[in-house]
Amino acid sequence: MDWMIREKVKQVKRGDQSAFADVVTFYQHKIYQHCYRMLGNRHEAEDIGQETFIRAYVNIHSFDDNRKFSTWLYRIATNLVIDRIRKRKPDYYLDAEIKGTDGLTMYSQLAADNRLPEEEVEGWELQDYITEKIAGLPPKYRSVIMLRYLEEFSLKEISEILDIPLGTVKTRIHRGREALRKKLRHV
Amino acid sequence: MDCSTEAIQLMHQYLDGDLVKQEEDKLRVHLEECEACQKHFHELKRTITLVQSTGQIAAPDDFADHVMKRLPAEKKSVKSMR
């Protein structure tokens, strides 16, 4: 799939706006999910997710074709997310972090796709519980855990996306795993 | 081996694929004789599996359309470069 994206990006650089639609279609769910899990609500995820693609489009000429496009795109998304979190009022921020109830019904709907009816209820509850525990991690741990285990980037790629040294990525992933272990050990 | 620091550090390095053979052996030998660390290691690996088991979240149906509508118009000067 990498070559397809590479070609599309070249077309966009040549001024073909319609080629960008394919890029959006290909990455929309990943970027939306990343924003959603970082921000904890649908409205902001949609807003920041769309803004990510618009920034990517506007700045497409600064993308180096020799690099991985997804890393570049996630970097834009991550910067916008961090910016949004910083601008929040402290009370609102805490509220969104702990509760995150907005998403629970949606997770359940999505989980339903490939499950048998009798498995549904039990599966939903566990998934919602885990999702809530991930959402409760401090953002700096949550981002590395998500990028590593849900979006499957390498540690080196994560260091590029977040623009932090590899050693810092490792420290955060260690602490993130320990924090989650404590929250999930009784599941 | 000091369980609270060294062994746990080795576990995380293992999970990041950072252990050389010698260190891996050291960890394995320790896990065989230390039940607390065995449990800790198991919990860490299980945590990762649980995280990976959470469902994917889909963007709203009209997401891509909205992005495309919000893009700035194509620049003529760029177009003529084809």
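The values are calculated or read from the model by the stated rules, or taken from the named source; none is laboratory data. On a predicted model such as this, the values are computed, not experimentally measured, just so you know. Cβ placement follows ideal geometry from the backbone for every residue including glycine, while neighbour counts extend to all protein chains displayed.
What do you reckon, is A:Phe63 over 22 Å from A:Lys140 (Cβ atoms), within 12 Å of chain B (Cβ to nearest Cβ) and not hydroxyl-bearing (Ser, Thr, Tyr)?
Taking the combined requirement at face value, the residue does not satisfy it.
When segment A:34-46 is examined, which residues are found to be out of contact with any helix residue (DSSP H, G or I) (no Cβ under 8 Å at 6 or more places or on another chain) and touching a residue at least 24 places away in the same chain (Cβ under 8 Å)? Before you say what the answer is, go through the steps one by one.
Filtering segment A:34-46 for residues out of contact with any helix residue (DSSP H, G or I) (no Cβ under 8 Å at 6 or more places or on another chain) gives A:43.
Hits for segment A:34-46: nothing passes.
Considering each residue of segment A:35-66, count those that are touching an Asp or Glu at 6+ places or on another chain (Cβ under 8 Å) and either among the polar types (S, T, N, Q) or at pLDDT below 95 (or both), and give that number.
Let us first name the residues in segment A:35-66 that are touching an Asp or Glu at 6+ places or on another chain (Cβ under 8 Å), namely A:35, A:40-42.
Now narrow it down to the ones that are either among the polar types (S, T, N, Q) or at pLDDT below 95 (or both): A:40-42.
Looking only at that region, the number is 3.
Based on what the data block shows, is B:Met68 modelled with pLDDT of 95 or more, surrounded by 12 or more Cβ atoms within 10 Å (Cβ to Cβ) and farther than 30 Å from A:Thr52 by Cβ?
So B:Met68 fails the test.
Could you give me the residue pairs with C-beta distances under 8 Å whose first residue belongs to segment B:18-46 and is away from chain A (no Cβ under 14 Å) and within 25 Å of A:Gly167 (Cβ to Cβ), whose second residue is surrounded by fewer than 12 Cβ atoms within 10 Å (Cβ to Cβ) and not β-branched (Val, Ile, Thr) wherever it lies, and which are 6+ apart or on separate chains?
none
Results for (1) assigned to a loop (DSSP other than H, G, I, E, B); (2) in contact with a Lys or Arg (Cβ under 9 Å, 6 or more places away or on another chain), shown as yes or no for each residue.
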| residue | (1), (2) |
| --- | --- |
| B:Gln13 | no, yes |
| B:Gly17 | yes, no |
| B:Val29 | no, no |
| B:Ala36 | no, no |
| B:Phe41 | no, no |
| B:Thr49 | no, no |
| B:Gly55 | yes, no |
| B:Pro60 | yes, yes |
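Please enumerate the residues belonging to segment A:17-62 that are assigned to a loop (DSSP other than H, G, I, E, B) and buried (at least 16 other Cβ atoms within 10 Å of the Cβ).
Selection gives A:Gly40, A:Asn41.
So in segment A:155-174, with the set limited to residues that are surrounded by fewer than 21 Cβ atoms within 10 Å (Cβ to Cβ) and within 13 Å of B:Leu15 (Cβ to Cβ), which one is nearest to the chain's Cα centre (by Cα)?
The qualifying residue nearest to the chain's Cα centre (by Cα) is A:Leu155.
Collect the residues in segment A:29-41 that are at the interface with chain B (Cβ under 7 Å from one of its Cβ atoms) and touching a Pro at 6+ places or on another chain (Cβ under 9 Å), keeping them in residue-number order.
So the first thing to find is which residues in segment A:29-41 are at the interface with chain B (Cβ under 7 Å from one of its Cβ atoms), and the list is A:29, A:32-33, A:36.
Result: A:Tyr32, single match.
Any idea which residue in segment A:133-150 is nearest to the other protein chains (Cβ to nearest Cβ), counting only those that are of a type outside the set (A, V, I, L, M) and either more than 26 Å from A:Thr71 (Cα to Cα) or crowded, with 19+ Cβ neighbours inside 10 Å (or both)? Before the answer, list the steps.
Filtering segment A:133-150 for residues of a type outside the set (A, V, I, L, M) gives A:133, A:136, A:138-143, A:148-149.
Those left that are additionally either more than 26 Å from A:Thr71 (Cα to Cα) or crowded, with 19+ Cβ neighbours inside 10 Å (or both): A:133, A:141-143, A:148-149.
Working: A:Lys133: 9, A:Tyr141: 12, A:Arg142: 11, A:Ser143: 13, A:Arg148: 9, A:Tyr149: 5 Å.
Ranking the candidates gives A:Tyr149 first.
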